[in-house]
Amino acid sequence: MAGKKITKIILLLLAVVAFAAAVGVFIAEERSNCMGIGLLSEKDVVYDKQGGNFDLSKLTFNGQPVAYDKSSGTVYISQSPDNISDYYTLTGQLQWNDPKSKIWFVKDKNLMNLENSVQKNDPLRLYISNGKNHRLINVVITTLPVLRIDGEADHKNEDDRYVYVGELCLWTGKDPATGISSVQTSDLEWHVRGQTTASKPKKPWKLSLKDENGENRNLEFLGMGADDDWILNCLTMDDTKIKEKLFMDYWNTLAVAEDYMFKMSTGEYVEVVINGKYQGLFLMQRRVDAKYLELNDDDVLLKVTTYGMTKAEDAYEFITDPVNEKKIYATMQKVLDQQDSSMYNLQNMIDTNLMLQATSSIDNQGLKNMFHVLIPNGDGYEHYFVPWDTDQSLGVVWSHEKKDFAYNSIQAMNERVQRKETVAMAKLYPDYYQREAVRWFELRQWLLVEEDLHSYVDEMYGFLTDSGAFERDTKHWGERYEGRDTIHALKRFISKRLEYLDQYYTELLPQ
């Protein structure tokens with residue numbers, strides 16, 4: 001009996017040893033590669049001053065040619081923030097589809113301290129060799145989605161801007177819609193959009209997704225719903241890269257809470273490479289249209305297309321097909337002339353003014369930078385505002401001297417931003433400003449809370465800096481405002497602006 005017991009113990013110990021050995025082999029194998037690519041010691045790297053002429057289109061990530069900046073020799077790979085603790089926890093497959101040469105990750109300090117490397121924008125190194133020629137390329141691991149766009153100019157549109165035709169690929173390390181990684185591809189047409197920003201080196205773009213027959217194609221990106229038209233906001237007027245998203249997220253929080261508000265555009269950050277050139281940090285946004293706003297067939301959506309016009313037919317552009325064009329233009333003529341304030345939804349007007357006030361969105365108080373929603377109401381329409389194009393906010397102003405955007409927190413602080421239609425509203429509702437004051441302090445209790453706004457700014461800044469994208473964009477495009485438009489300045493402006501408006505609206509409260 002004793003002998004059998006000993007035998008069982010020995011067999012159990014052997015099984016444990018075998019299992020431990022198998023686990024050890026598994027761990028060793030797991031740690032011997034990074035995203036399917038083997039590792040090479042630094043001492044085995046052969047440096048070639050010329051650099052081999054290797055075709056980088058043969059390098060794919062999860063089945064698609066990588067996003068690659070040719071001038072700097074840098075590849076951009078999207079990963080989930082959950083997977084950057086070590087190189088062997090990175091997910092997805094890098095493949096080198098050239099049997100004449102081989103490829104390895106260099107086992108250096110950047111690879112071995114991956115999380116720190118991601119945050120500090122220190123790239124990994126990928127070594128390619130065919131035995132005779134050798135080349136090192138950089139691999140940037142980012143926790144933001146990576147968007148690659150390729151194509152060429154095909155024709156000019158009605159605005160005399162080139163329309164490019166090609167394709168896109170969007171890698172998302174952690175897709176908000178699914179919680180896992182994704183790769184999405186589509187045929188594409190795209191062109192420069194915007195006015196002042198279109199003249200800057202870093203361009204904003206409009207993307208139109210197409211199927212193989214050239215027809216419009218709807219795809220859902222980054223948990224923002226499905227659409228065929230998307231916007232790449234270049235954020236070039238904002239050194240913090242946070243202000244427009246802050247406005248969107250807070251407006252949309254209010255819109256969800258109140259049934260008299262329509263959501264404005266929503267956006268998520270991406271890093272973009274176009275035709276082999278790194279373009280930096282963008283906000284990928286939904287375009288505001290009837291589908292996005294969930295309008296009914298007889299609802300109307302318009303926006304201003306031309307400024308300085310005196311006739312509604314010249315000033316407004318239909319986003320939805322008009323059911324009764326003559327009647328709608330007659331309604332919008334009253335908006336243009338500020339004749340009739342009875343059509344405005346009172347609570348929407350108040351909350352629009354308060355959001356513009358809180359963010360000092362100077363450029364949104366006049367005719368421009370607003371969508372207009374008309375909802376049938378009896379024989380007429382009820383009118384709602386939906387903001388857009390909020391890059392001139394939170395300290396960014398227009399300089400008439402420079403004829404360009406400028407950062408002037410003092411000027412922005414002392415602006416009382418009210419829609420032009422407010423004057424007519426105050427005639428219709430004698431207690432309008434008192435109502436605004438009461439609503440201001442309501443919103444200060446749950447939406448416009450100083451500590452929450454500061455936390456939001458810190459969270460977004462941490463998100464962008466931890467990905468390395470903030471530093472990459474700043475290095476690539478520089479700062480517009482010589483270091484004055486910072487995260488600290490933004491938080492200080494928020495605090496001072498709230499204090500300023502608290503004092504202003506206290507004086508207006510009903511006695």
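Look at region 295-318: where a residue is without any contact (Cβ under 8 Å) to a residue 40 or more places away in the chain and a partner is in a strand (DSSP E or B), sitting 6+ places away or on another chain with Cβ atoms under 8 Å, you get Thr305/Tyr316; Thr305/Glu317; Glu317/Leu302; Glu317/Lys303; Glu317/Val304; Phe318/Val300; Phe318/Leu301; Phe318/Leu302. Of all the numbered requirements in (1) crowded, with 18+ Cβ neighbours inside 10 Å; (2) in contact (Cβ under 8 Å) with a residue 60 or more places away in the chain, Pro376 misses one, and that requirement is (1). For Pro176, are the conditions met, namely being modelled with pLDDT under 95 and either under 17 Å from the mean Cα position of the chain (by Cα) or closer than 27 Å to Glu451 by Cα (or both)? Against the criterion (modelled with pLDDT under 95 and either under 17 Å from the mean Cα position of the chain (by Cα) or closer than 27 Å to Glu451 by Cα (or both)), Pro176 qualifies. Collect the residues in region 332-343 that are in contact with a His (Cβ under 8 Å, 6 or more places away or on another chain) and modelled with pLDDT of 90 or more, keeping them in residue-number order. If the condition is that a residue be in contact with a His (Cβ under 8 Å, 6 or more places away or on another chain) and modelled with pLDDT of 90 or more, then Met332, Met343 are the ones that fit. Does Asn157 fit the bill of being of a type in the set (S, T, N, Q) and either at pLDDT 95 or above or open to solvent by less than 10 Å² (accessible area, probe 1.4 Å) (or both)? No: the conditions fail for Asn157. A search for C-beta distances below 9 Å between a residue of region 481-496 that is of a type in the set (Val, Ile, Thr) and any residue that is outside any helix (DSSP H, G or I) and open to solvent by less than 30 Å² (accessible area, probe 1.4 Å), counting only pairs 6+ apart in sequence or on different chains, returns Thr486/Asp239; Thr486/Thr240; Ile487/Thr240; Ile487/Ile242; Ile494/Leu394. So the check is Cβ under 9 Å with 6+ separation or different chains; which pairs have a first residue in region 391-415 that's on the phi < 0 side of the Ramachandran plot and in a strand (DSSP E or B) and a second one that's of a type in the set (D, E, K, R) and open to solvent by 80 Å² or more (accessible area, probe 1.4 Å)? Matching pairs, first to second residue: Tyr407/Glu482; Tyr407/Arg484. Say we look at region 57-68 and pick out the residues that are surrounded by fewer than 18 Cβ atoms within 10 Å (Cβ to Cβ) and touching a residue at least 60 places away in the same chain (Cβ under 8 Å); which of these is nearest to Tyr278 (Cα to Cα)? The qualifying residue nearest to Tyr278 (Cα to Cα) is Pro65.
Considering each residue of region 342-365 in turn, none proves to be surrounded by 18 or more Cβ atoms within 10 Å (Cβ to Cβ) and over 22 Å from Gln418 (Cβ atoms). Residues that are within 18 Å of Arg31 (Cβ to Cβ) and out of contact with any helix residue (DSSP H, G or I) (no Cβ under 6 Å at 6 or more places or on another chain) within region 91-102 comprise Gly92, Gln93, Leu94, listed in sequence order. Could you tell me which of the residues Arg416, Arg435 is surrounded by fewer than 20 Cβ atoms within 10 Å (Cβ to Cβ) and under 30 Å from the mean Cα position of the chain (by Cα)? Exactly one residue qualifies, and that residue is Arg416. Taking region 73-116 as the range and being open to solvent by 20 Å² or more (accessible area, probe 1.4 Å) and assigned to a loop (DSSP other than H, G, I, E, B) as the test, the residues that pass are Ser85, Asp86, Thr91, Gly92, Gln93, Asn97, Asp98, Pro99, Lys100, Asn113. So, in region 387-413, of the ones that are of a type in the set (Val, Ile, Thr) and surrounded by fewer than 22 Cβ atoms within 10 Å (Cβ to Cβ), which residue ends up farthest from the chain's Cα centre (by Cα)? Ranking the candidates gives Ile410 first. Taking the numbered list (1) outside any strand (DSSP E or B); (2) surrounded by 22 or more Cβ atoms within 10 Å (Cβ to Cβ); (3) among the charged types (D, E, K, R) in turn, Asp297 passes all entries but (2). Tallying residues that are closer than 25 Å to Ala406 by Cα and in a helix (DSSP H, G or I) within region 350-383 yields 11.
Would you call Val438 of a type in the set (A, V, I, L, M), over 20 Å from Ser361 (Cβ atoms) and outside any loop (DSSP other than H, G, I, E, B)?
Spelling it out, Val438 is indeed of a type in the set (A, V, I, L, M), over 20 Å from Ser361 (Cβ atoms) and outside any loop (DSSP other than H, G, I, E, B).
The test for being touching a residue at least 40 places away in the same chain (Cβ under 8 Å), out of contact with any Gly (no Cβ under 8 Å at 6 or more places or on another chain) and of a type in the set (Lys, Arg) does not hold for Arg135. When each of Gly462, Gly483 is tested for being open to solvent by less than 40 Å² (accessible area, probe 1.4 Å), of a type outside the set (Lys, Arg) and not in a helix (DSSP H, G or I), the lone residue that passes is Gly483.
The values are calculated or read from the model by the stated rules, or taken from the named source; none is laboratory data. Source: prediction; values computed, not measured. Every residue, glycine as well, gets a Cβ built from its backbone with ideal geometry; the counts of neighbours run over all protein chains shown. For accessibility, only protein heavy atoms count, side chains too; no ligands or nucleic acids. Shrake-Rupley method; radii C 1.70, N 1.55, O 1.52, S 1.80 Å.
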